[in-house]
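Working notes, beginning with the structure itself.
Just so you know, all these numbers are worked out from the coordinates, no wet-lab data involved. Keep in mind that what you see is a predicted model, and the values were worked out from it rather than measured. Backbone-built Cβ (ideal geometry, glycine too); neighbour counts: all protein chains shown.
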Amino acid sequence: MDESGERSTMVADRAAGGTAIGAVGSSDSSDSSGSSDSPGASASSRDHRKAPRRRGEALHAAIFEATIAELLEVGYPRLTMEGVANRASASKGSLYRRWSSRAELVADAVHHTNPDPLQMSDTGNVRDDVLSYLESFARVLNGASGEAVRGLMAETLRDRELLGVIRARFIEPAHIQLMEALRRGVVRGEVRPAALTPLVASVAPALLRQYITLHDTPIPRSALLDIVDQVIMPLVRA
């Protein structure tokens with residue numbers, strides 16, 4: 001091959017190589033079948049800019065789903081806003097505009113997974129009122145996000161900010177409902193007036209939280225009955 005032919009071959013080889021590199025690098029403008037979104041790609045390696053733009057409820061749902069997944073995978077201590085954003089194919093800015101802290105984000109994610117608040121039915125007697133509350137709490141802990149919720153409850157012992165959020169969002173509303181149940185019991189003559197205190201109202205949920213730190217889920221109904229019949233009713237009965 002003469003010199004001019006050799007130069008032509010080299011140019012052609014370089015052009016072919018440039019095309020291959022450009023094809024890999026041009027995935028930013030391709031559709032969602034690009035290599036970074038393949039099934040084998042990790043959540044942290046995905047580029048949110050390649051995902052379809054989402055807003056409103058669709059974006060919130062993706063973020064909440066990613067938050068629960070991160071909790072299950074890495075735990076609360078290692079959970080970061082960046083990790084959630086990457087898993088949700090969203091920008092960190094979209095998280096920080098909505099949540100001032102990861103504790104607030106996690107609380108909203110747990111609430112989103114369990115949209116119905118823990119409810120206590122007014123059954124007409126205090127025993128069944130308290131039991132209905134414990135059953136609703138157990139349904140959450142036995143449900144899809146139960147493991148994440150259990151992990152969060154353990155982390156409240158070490159993280160004061162998380163404890164403050166969990167107390168305000170979940171624990172204090174429960175105590176208010178239980179106080180109301182005791183108050184109805186006092187009116188009906190079932191509960192002694194001296195038992196109408198915040199401390200007594202906190203006993204049933206505290207015992208259930210203690211139970212799940214020592215036992216696996218699902219929580220059997222017998223455990224709830226033991227809390228009510230062996231502890232709460234002897235404590236409050238008139």
For the pair residue 202/residue 237, report the inter-label distance in nm, with labels modelled 7 Å from Cα in the Cβ direction. 2.6 nm
Over 23 Å, how big is the tail of the calculated P(r) for the range 126-236, in percent of all Cα pairs? 28 percent
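Using the Cα gyration tensor of the range 51-113, with a ≥ b ≥ c the square roots of its eigenvalues, what is the shape: rounded (a/c below 1.5), prolate (a/b larger than b/c) or oblate (neither)? Can you show the working numbers first?
Values: a/c = 1.45, a/b = 1.38, b/c = 1.05.
Rounded is the answer for the range 51-113, as its axis ratio a/c remains below 1.5.
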Taking Cα centroids, how far is the range 66-97 from the range 147-201 in Å? 29 Å
Just to compare against my own numbers: the Cα pair-distance distribution for the range 177-238, 10 Å bins, whole % per bin, please. 22, 49, 24, 6
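To one decimal place, what orientation-averaged projected area in nm² is obtained for the convex hull of the Cα set of the range 92-176? Intermediate values should be presented prior to the final figure.
On the way: hull surface 25.3 nm².
Across all orientations, the range 92-176 yields a mean hull projection of 6.3 nm².
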Figure the gain on full extension for residue 80 and residue 180 (residue separation times 0.36 nm, minus the Cα-Cα span) and round it to one decimal in nm. 32.2 nm
Amide H neighbours of residue 191 under 5 Å, at least 5 residues apart or on other chains, H built in the peptide plane: list them. 186, 238
